[in-house]
Amino acid sequence: MGDDHVVAKLTKFCRRNPGLTTGGLLILPFVLFALLPEIFASHDPTKTSIRELYAPPSAEHFFGTDELGRDVYSRVVYGARISLVAASLIIGVACLVGVVLGTVAGFWRGWSDRVIMTLVDLVLAFPSLILALAVSAALGPGLRSAIIAAAAVWWPVYARLLRGITIQLSEMEFVTAARAMGASSPAIIFRHILPNAVYAIIVRISLDLGLAVLLLASLSFIGLGASAPTPEWGAMVAWGRIYFLTEWWIGAFPAVAITLVVVGITLLGDGLNDARNPNR
Amino acid sequence: MGRLILERLLTLILKLFGMAVILFVVTQVLPADPAAVAAGTNARPEQIEKLRVELGLDRPFHEQFITYISGLARGDLGKSLLTRRAVSDDLRLRFPATAELAIFSGVVIVILGISMGILAAVNAGRTPDILIRMLVVVGMGIPPFVLALFLQLIFAKSLDWFPLEGRLPTLIAPPPHVTGLYTIDSLLAGQWDVFWSSVQHLVLPVAALSLGRLAVGARFTRSGMLETLSQPYVRTARAKGLSEKRVILRHAFRNALIPVVTMLGIQIGFLLSGAVLVEVVFTWPGLGRYAVESVVSFDFYAVIGAALVIAVIFVVSNTIVDLLYVQLDPRIQHQ
């Protein structure tokens with residue numbers, strides 16, 4: 001009886017939030033791949049095999065093999081961990097830097113606000129891929145540089161968000177009350193402002209994660225991200241592009257993986273956003 | 001309006017200066033060594049040092065900065081480390097290709113995006129609306145380079161409807177240079193076959209670049225239209241007995257355009273970023289591909305130059321969009 005109740009509740013929830021549900025279902029396999037690649041992969045993702053170069057998809061190799069005889073399916077499975085972890089790192093760093101600077105700017109205003117917001121405006125004045133490309137090129141190629149470059153162009157989004165929230169909350173009565181009771185600035189920030197900003201930050205993160213996967217894949221596709229044997233999706237598509245018109249499977253499957261993850265996370269983020277503002 | 005334009009222009013100049021500073025800092029502070037790149041992989045340390053002096057990289061930070069900025073003011077973006085050609089000359093050659101791609105994509109996004117948005121709003125909740133909303137989700141999720149690859153595979157390789165890559169076949173000479181846009185130049189020269197061929201070459205890259213953005217455009221137009229259609233003055237117009245077509249096109253449309261213009265401003269950035277990747281797939285000889293080629297060979301000044309030019313296009317077009325916005329909605333000016 002209890003189980004039925006849970007199932008009924010879940011069905012109702014899913015029917016009410018179709019975007020959230022579809023997004024969740026799309027992203028679920030990739031989260032599992034990222035957590036337990038050893039279980040889902042059928043082969044070693046970096047093991048080459050001269051006898052099986054360019055094999056088309058088959059029962060043995062679900063997604064075929066690449067130009068070095070590596071199993072494309074297993075590489076896509078292992079790639080999930082790289083993409084999801086790297087995207088989380090990008091957003092994590094960007095969020096941390098942005099939250100600190102945005103709160104400082106919004107809370108103390110004055111010159112710190114002016115300096116920080118000028119920097120924010122300047123960074124946002126670039127198309128993000130272009131600035132990330134320049135930073136990542138200057139740092140030298142590699143996954144680490146790509147992650148740093150992506151975070152470097154992303155933090156202003158969070159700084160702007162937090163500044164707005166902080167200014168808005170600082171004018172609220174409960175903050176004035178806390179001030180009147182003699183609460184210190186850090187106490188107000190940590191007890192009253194940040195806890196009230198958490199939901200907005202989470203929604204923003206859920207919307208941005210998909211875009212971070214995309215930015216990272218784009219940088220790798222250009223040749224700035226992960227290098228040779230690493231099974232990173234963008235880099236796999238970049239290599240697969242050379243053979244795309246004949247051995248399409250080498251690039252097509254990682255390309256589809258990128259698309260599904262980005263669509264899935266975007267739907268999930270949109271769903272969360274809608275769940276917060278049912279009036280939208 | 002005149003005062004406003006002046007104000008925006010001043011902000012624009014300050015912003016461009018700031019952006020140049022950021023790019024300069026990026027090149028100076030980060031670890032890559034331009035002199036080592038210029039000297040090549042087999043260079044001896046003393047060769048690298050010699051080049052460092054030659055390129056002025058041994059001078060103090062502020063001196064380099066002044067040289068760089070005064071160079072920028074004259075339109076000098078430095079020399080390519082590999083070819084030793086002026087980066088600005090290279091970029092001038094590449095610019096029209098990107099411009100042609102972006103202009104055609106922009107036109108497609110505006111025309112198709114707005115009409116799809118109106119279609120969706122007028123049919124809110126019915127099949128066309130649902131189809132367009134699905135397209136939005138897919139369009140936003142597919143990376144432009146993935147879409148470009150699949151378009152190539154399906155429409156160039158399998159169906160052979162459109163050429164695979166480039167701006168023109170190798171056997172056809174480009175039309176005489178006037179604007180650098182092959183479609184316009186070939187028309188001016190009366191070369192119909194060249195015109196037709198360049199249009200065919202544009203179809204797939206433009207499709208790859210605009211599909212996702214088009215969907216976003218449709219979404220913005222839809223919500224803008226729905227909001228204006230529920231306004232009292234629209235009801236009044238209907239009550240006066242005006243035809244539905246007139247109500248929508250004359251009364252609702254202009255106000256619905258306001259969010260669409262905002263959308264356009266955001267789109268330009270995506271369009272330029274996307275163009276970089278699409279140009280790579282279609283070996284389109286534009287700014288983006290130049291930037292990527294320079295990145296791969298660590299040709300540093302070329303990367304910075306290309307990034308700066310793309311950023312300038314972005315900021316300038318955003319300023320224009322901003323002014324357009326004020327033109328459309330006079331209320332904004334008085335705030």
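Exactly one residue out of A:LEU162, A:LEU260 is among the aliphatic types (A, V, I, L, M) and open to solvent by 10 Å² or more (accessible area, probe 1.4 Å), and it is A:LEU260. Taken together, B:ILE111, B:ILE130 contain a single residue that is over 19 Å from B:VAL309 (Cα atoms), modelled with pLDDT of 85 or more and out of contact with any Gly (no Cβ under 7 Å at 6 or more places or on another chain), which is B:ILE111. When you scan the range B:115-138, how many residues do you find that are of a type in the set (S, T, N, Q) and open to solvent by 40 Å² or more (accessible area, probe 1.4 Å)? Of the residues in that region, 2 qualify. Of the residues making up the range A:63-85, those that are in contact with a His (Cβ under 8 Å, 6 or more places away or on another chain) and open to solvent by less than 10 Å² (accessible area, probe 1.4 Å) are A:ASP71, A:VAL72, A:SER74.
The criterion of at least 2 residues that are within 14 Å of chain A (Cβ to nearest Cβ) is met, among helices (runs of 4 or more DSSP H) falling completely within the range B:1-115, by B:2-29, B:34-39.
Residues that are touching a strand residue (DSSP E or B) at 6+ places or on another chain (Cβ under 7 Å) number at least 1 in none of the helices (runs of 4 or more DSSP H) confined to the range A:1-100. Residues in the range B:258-289 that are in contact with an Asp or Glu (Cβ under 9 Å, 6 or more places away or on another chain) and either more than 14 Å from chain A (Cβ to nearest Cβ) or not aliphatic (A, V, I, L, M) (or both): B:ILE258, B:PRO259, B:VAL261, B:GLY265, B:PHE282, B:THR283, B:TRP284, B:PRO285, B:GLY286, B:GLY288, B:ARG289. In the range B:319-330, the residue that is nearest to B:LEU257 (Cα to Cα) out of those that are away from chain A (no Cβ under 13 Å) and either among the β-branched types (Val, Ile, Thr) or buried (at least 17 other Cβ atoms within 10 Å of the Cβ) (or both) is B:TYR325.
Restricting attention to the range B:165-175, does a residue exist that is modelled with pLDDT of 80 or more, open to solvent by 50 Å² or more (accessible area, probe 1.4 Å) and of a type in the set (Ser, Thr, Tyr)? Looking through the range B:165-175, none of the residues is modelled with pLDDT of 80 or more, open to solvent by 50 Å² or more (accessible area, probe 1.4 Å) and of a type in the set (Ser, Thr, Tyr). Taken together, the residues in the range A:99-121 that are within 13 Å of another protein chain (Cβ to nearest Cβ), in contact with a Lys or Arg (Cβ under 9 Å, 6 or more places away or on another chain) and surrounded by fewer than 21 Cβ atoms within 10 Å (Cβ to Cβ) amount to 2.
Taking the conditions (1) of a type outside the set (S, T, N, Q); (2) at pLDDT below 90; (3) crowded, with 16+ Cβ neighbours inside 10 Å; (4) over 27 Å from A:ALA134 (Cα atoms) in turn, A:TYR243 satisfies each one other than (3). Within the range B:162-194, the residues that satisfy the criterion of being touching a Leu at 6+ places or on another chain (Cβ under 9 Å) and aromatic (Phe, Trp, Tyr) are B:PHE162, B:TYR182. Within the range A:248-266, being closer than 21 Å to A:PRO56 by Cβ, more than 7 Å from chain B (Cβ to nearest Cβ) and of a type in the set (A, V, I, L, M, F, W, C) holds for A:TRP249, A:ILE250, A:ALA252, A:PHE253, A:VAL256, A:ALA257. You will find that of B:ARG289, B:ARG254, B:ARG246, the residue that is basic (Lys, Arg) and within 18 Å of the chain's Cα centre (by Cα) is B:ARG289 and no other. Any chance you could count how many residues in the range B:183-210 are crowded, with 23+ Cβ neighbours inside 10 Å and either free of Cβ contacts under 8 Å to residues at least 24 places away in the same chain or farther than 30 Å from B:GLY166 by Cβ (or both)? Residues meeting the conditions: 1. Against the condition among the hydrophobic types (A, V, I, L, M, F, W, C) and either assigned to a loop (DSSP other than H, G, I, E, B) or surrounded by fewer than 18 Cβ atoms within 10 Å (Cβ to Cβ) (or both), how does A:ALA183 come out, does it pass? Against the criterion (among the hydrophobic types (A, V, I, L, M, F, W, C) and either assigned to a loop (DSSP other than H, G, I, E, B) or surrounded by fewer than 18 Cβ atoms within 10 Å (Cβ to Cβ) (or both)), A:ALA183 qualifies. State which residue is nearest to the other protein chains (Cβ to nearest Cβ) when the search covers only the range B:293-318 and only residues that are open to solvent by 10 Å² or more (accessible area, probe 1.4 Å) and free of Cβ contacts under 8 Å to residues at least 40 places away in the same chain. Among residues in the range B:293-318 that are open to solvent by 10 Å² or more (accessible area, probe 1.4 Å) and free of Cβ contacts under 8 Å to residues at least 40 places away in the same chain, the one nearest to the other protein chains (Cβ to nearest Cβ) is B:VAL296.
Residue by residue, here is whether (1) touching a residue at least 60 places away in the same chain (Cβ under 8 Å); (2) of a type outside the set (A, V, I, L, M); (3) within 14 Å of chain A (Cβ to nearest Cβ) holds:
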residue: B:SER158; (1), (2), (3): no, yes, yes
residue: B:LEU181; (1), (2), (3): yes, no, no
residue: B:GLY212; (1), (2), (3): yes, yes, yes
residue: B:ARG222; (1), (2), (3): yes, yes, yes
residue: B:LEU229; (1), (2), (3): yes, no, no
residue: B:ALA237; (1), (2), (3): no, no, no
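Results for (1) within 14 Å of chain B (Cβ to nearest Cβ); (2) touching a residue at least 40 places away in the same chain (Cβ under 8 Å); (3) in a helix (DSSP H, G or I), shown as yes or no for each residue.
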| site | (1), (2), (3) |
| --- | --- |
| A:PRO141 | yes, yes, no |
| A:TYR158 | no, yes, yes |
| A:ILE167 | no, yes, yes |
| A:ASN196 | no, no, yes |
| A:ILE205 | no, yes, yes |
| A:LEU219 | yes, yes, yes |
| A:ALA226 | no, yes, no |
| A:TRP239 | yes, yes, yes |
| A:PHE244 | yes, no, no |
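Here B:ASP89, B:ASP58, B:ASP76 are screened, and the one residue that is surrounded by fewer than 14 Cβ atoms within 10 Å (Cβ to Cβ) and within 14 Å of B:TYR301 (Cβ to Cβ) is B:ASP89. Against the numbered list (1) modelled with pLDDT of 90 or more; (2) open to solvent by 30 Å² or more (accessible area, probe 1.4 Å); (3) more than 18 Å from A:SER206 (Cα to Cα), A:LEU96 comes up short only at (3).
In a residue-by-residue description of the range B:146-155, the property of being closer than 21 Å to B:ALA307 by Cβ and of a type in the set (Val, Ile, Thr) applies to no position.
The values are calculated or read from the model by the stated rules, or taken from the named source; none is laboratory data. Just so it is clear, the structure is predicted and the values come from calculations on it, not from any experiment. Every residue, glycine as well, gets a Cβ built from its backbone with ideal geometry; the counts of neighbours run over all protein chains shown. These area figures cover heavy atoms from the full protein model, side chains too; ligands, DNA and RNA do not enter into them. Shrake-Rupley method; radii C 1.70, N 1.55, O 1.52, S 1.80 Å.
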